[in-house]
Structure formats: structure tokens, C-alpha cells
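Okay, so here's the structure we're looking at.
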Amino acid sequence: MKPVRIAVSGMHRGDNPQPGASIAGAIRQAWPEAFVVGLVYNAFESGVYAADGPDACHAMPYPTAGLAAYLTRLAEVRAATPFDWFIPTLDAEVVMLAEAVPELVALGIGVCLPDAATLLRCGKAKLAELAARCGVATPNTAVARDVGEALEHAEAAGYPVYLKGPLYDATLVQSPAALAAAGAAILADWGPPLMVQEPLLGTEFNVMGLGDGAGGLLGSCAVRKLIVSDKGKGNGSVMVRDARLEQITRRVMAETRWTGPFELEFIRGQRDDAYRLIEINPRFPAWVGFPAQLGANFPAAWVEWMCTGSCRPLPVPPPGRFFLRHQIEVTGDMGQVSSLLEAMPDASNHDLTYISSLS
Amino acid sequence: MQTDSMRLGDLMLNDRGFVFDPNTGESYQVSGTGLVCLRGLQRGATVDELVAELVATHGVGRLTVRCDMDAFLWDLKQLGWL
């Protein structure tokens, strides 16, 4: 295998952490000489300044700027710091790039992503249909085009309900007023549809894995959340092994013929002990570095699979090992920030106030 | 009674009575006697054998041990371990 040169996005590790920095670390764990390019949307993405951060970093336009702007910038970045593969880590990137694989290949950038139709089938709005085909339950969910429809669904279901956006955001709302405010915010950030979902009493479990694109599974592992942040993020989780979760995961892979990294989110019901599939995330989760530290290096396996078409079997991480998210301060120099800002394709994307206050 | 529950067999125990259920991610603390019972059940001992062991090692009447054992086994059933 030739030396690994790879671009990764999602480098922020502070509040609401992203997986990119852990992916970079896991790749380095397997190939210390790997060249990692960090793609960032904000000069203050903390992973940029970590000791084991990327070798080079470039600013990108948000996916909302459009595919053409995104591809143009990717080509510029690749010309400046050549790389062969790109692992997008944010839902919005995956959704956009899944429809642009030929264009990426034409630029010399390899990606392995689920196709657009598969992403649509696995999206929040269609999840119940997919889950039924896979023999797994989902929470009762109604899809709304606007706040008015969401209010009607919530009235029928009874408060409280979860209000969710198409890609991000899940807010537990207790009243019509709270729903209207949360719905307007989600629509402004992510657009329609809105999902009105019943809240469930139970424990949260997540499964991470790699699909081979032919209905098989290259590897997976499951955790139970121990500490949940006020945004619902798992700030601590313990490795578990449940044959039921493994079977559900295999059925989802077989049904979708999923390509690449994924995270399945479940709630195990307090009353009936049944798993309900909450969400499918088309990317590595933020906790991807946890199994890598236990010998199950999913990013390295994925890079190997992309480069060679096969990978060594991933070991199953031992149950009972846990992680706790531990925030530390990374340090940087404003010169580093300014060089990133200068390269920002659209400076209006970024908070320049702090910079100008220093000058 | 012979037990061969997969979940019971999967339980991770340490000498201090800490029990981790890898299936659910739940953890528990059991007494020294509870630990003897769980380990015995894991290695395939019958309830009668465990009762006899506890009677011999704790100097308690068989009926008392059997009552406590039944209560403990009921808890294990509630947890889905038996």
C-alpha cells in the first residue's frame, strides 16, 4: 500500500465534538508516516491545534455554499497539499458528496460513500419504513413540512415530543410555544422537514461499524451511554456486546448494502427491553477513537479497504471498557488562525470579531 | 436445578463482588455470598450443591440458606440472567 495521504473534516473536539481529530489520530496510529490534511469550516476548530493534529489545514466553504464552490475549493486544497482520499465526517458533507462521486474521482479524490438513494432511505423521514423491513422498531414519528404541521402532529401525539431536523438537532419540547420556537430555529438552520417523535423511556445504545457495500459488515462495536450531555451527546460510554444489537446491525447492512462508516442509535426500552432504532448517521461517530484505543481501529480498516479493496478483520473490543470525554486546553498562535482565515473562501462564514479586536 | 443461561455465563465478576453485564452495560455490587452463588452458577453447580456449600462454609441452617437462595435466584430471573 502506498503512503497514506488523506483529507479529513470535522476537527472540532470541544463542546459537541466531531470525529475528524480522532480519525486522524487513529490513522496515525496505524501509519505514523501518514499525511493528514484537515479540512475546517472555522479557524477555531480545536483539533487543528492538537499535538497530533493534521499535517496541513485548509478552510472550506460550508456545504450550503453549494457543490460547485465546495469542489472548486477541494481542488485548490489538493493542489496545495496533495491527498488521495477524503473521509467526510459531517452529515451535510456526506449527503452532498454522495451525489458527486464522479466529480471527486475526476479531481483525483477517492471517496467511498453510500449512494444518494441509500442515504434518503436511511434519513430520519424514511427511517420507520426501513426499520420495518429490517424487523426493528422505531419510535412513533410524524414528518412535518412546517411548524404548523408539526404543531398538529404534536397535538395528536401529546406533549412532550422530540422535534428533530433532517440532519441535526433534537429538542424535547413541552408545549406548543416551545415547539414553535424550536421548529423555527431548526428550519432556519437546516431546512425542512421537521420530525415529531415520541420520547421514550430507556437507555441509549450506539453501534459503530463499517459496511462493505455488498450487504456485509467489515466490523462493528456497541456502547451504552453512561453520561449524556444536555445536547444528548454521550460524554461517557461503556463497551457492550449484545447479540440482538449485532443481529439488527447485520440486517440493516444487508437491507441497505451500506458502504462505509455508520453509527446506529438505539434506545432500549425501560418497559419492554426492546431496541428501537432512533437514527442512522452516515459517518464515523465522535467516539471513533475509543475502540481504536482498544485495538479496533475502524478508520485504519476503512482506509485499508478503500486503498486495497480488503482489510484485516477488526477485533471485537472487550465489553466493560469505558471512555469518559475529557476536555483539555490546546494552545495555538494567532498567526496560525490568521493564515487559516486568509484562506477562507467566504470570510463572512467566520467570526472575525475576535481577530480584529487583537489587531 | 442446572443453569446454562448465556447471559449468566457472560457476566464479568471480580473478587470484590463487582458485576458487569456486557449485554446491557449495567453494573451491580453483590455480597460475598452472592459472589459465591454467581460463580457457582457460572461453573454449572446446581442450587442444591450451592446450598450445601454455603451451609458448610457459613454455619447456617439449610432451610435459611435455601430461602435466601430462592430470593437471590428470583432477583437473577428478574434481571434476565436465568
**OP:** Using only C-alpha positions, report the orientation-averaged shadow area of the convex hull of chain B, nm², one decimal.
**Re:** 4.9
Subject >> Sequence-distant aspartates and glutamates (8 or more away, or on other chains) whose Cα lies within less than 18 Å of A:Lys225 >> reply: A:Asp15, A:Glu204, A:Asp242, A:Glu246, A:Glu263, A:Glu265, A:Asp273, A:Glu279, B:Asp21, B:Glu26
**OP:** Over chain A, give the accessible area per residue in Å² for a 1.4 Å probe, as an integer.
**Re:** 44
**OP:** May I ask for the accessible area buried between chains B and A, both sides summed, probe 1.4 Å, to the nearest 100 Å²?
**Re:** 700
Original post:
If you build the Cα gyration tensor of the range A:140-197 and take the root of 5 times each eigenvalue, what three semi-axes come out, in whole angstrom, biggest first?
Top reply: 15, 11, 10
Subject >> Distant-in-sequence amide H partners of A:Gly236 (H built 1.01 Å from N, under 5 Å) >> reply: A:Leu226, A:Ile227, A:Arg325
Original post:
Could you give the semi-axes, largest first, of the ellipsoid that matches the protein assembly as shown, computed as the square roots of 5 times the alpha carbon gyration tensor eigenvalues and rounded to whole Å?
Top reply: 45, 27, 21
**OP:** For A:Thr89, list long-range residues whose amide hydrogen, built 1.01 Å from N in the peptide plane, is under 5 Å from its own amide hydrogen.
**Re:** A:Ser9
**OP:** Note down the magnitude of the dipole of the range A:140-197 about its Cα centre, charges +1 on Lys and Arg C-beta and -1 on Asp and Glu C-beta and zero elsewhere, to the nearest 20 debye.
**Re:** 100
Original post:
Once Lys and Arg get +1 and Asp and Glu get -1 on their Cβ, which of B:Leu38, B:Pro22, B:Gly59 lies farthest toward the positive end of the dipole of the range B:1-64?
Top reply: B:Gly59
Original post:
Dimensions of the range A:43-202 along principal axes (Cα, Å, largest first)?
Top reply: 55, 36, 30
Subject >> Candidate lysines for bridging to A:Lys124, where Cα separation is under 17 Å - those fewer than 8 sequence places away on the same chain excluded >> reply: A:Lys164
Original post:
Taking a probe of 1.4 angstrom, what is the accessible area of B:His58 in Å², to the nearest 10?
Top reply: 100
**OP:** Can you tell me how much longer the chain between B:Val60 and B:Arg39 gets when fully stretched, taken as 0.36 nm per residue apart minus their C-alpha distance, in nm with one decimal?
**Re:** 5.6 nm
**OP:** Return the sequence-ordered ³J(HN,Hα) values of the range B:60-73 in whole Hz as given by the Karplus equation 6.51 cos²θ - 1.76 cosθ + 1.60 applied to θ = phi - 60°, using x for Gly and Pro.
**Re:** 10, x, 4, 5, 4, 4, 5, 5, 5, 5, 4, 5, 5, 5
**OP:** Go ahead and estimate [θ] at 222 nm for chain B from helices alone: -39,500 (n - 2.57) per DSSP H run with n ≥ 4, summed, over the residue count, rounded to 500.
**Re:** -16500 deg cm²/dmol
Original post:
Which value at 222 nm does chain A reach when only helices count, each DSSP H run of 4 or more adding -39,500 (n - 2.57), with the total divided by all residues and rounded to the nearest 500 deg cm²/dmol?
Top reply: -10000 deg cm²/dmol
**OP:** Output the relative contact order of the range A:140-197, whole-number percent, from Cα pairs under 8 angstrom with separation of 6+ residues.
**Re:** 48
Subject >> Per-residue HN-Hα couplings for the range A:158-174 [Karplus 6.51, -1.76, 1.60; θ = phi - 60°; Hz; x = Gly/Pro] >> reply: x, 7, x, 9, 8, 10, 10, x, x, 10, 10, 6, 9, 10, 7, 10, 9
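The values are calculated or read from the model by the stated rules, or taken from the named source; none is laboratory data. Computed from a predicted model, the values in this text were never measured in an experiment. Note that each Cβ is placed from the backbone with ideal geometry, even for glycine, and that neighbours are counted across all protein chains shown. With ligands, DNA and RNA removed, areas are computed over all heavy atoms of the protein, side chains included. Shrake-Rupley method; radii C 1.70, N 1.55, O 1.52, S 1.80 Å.
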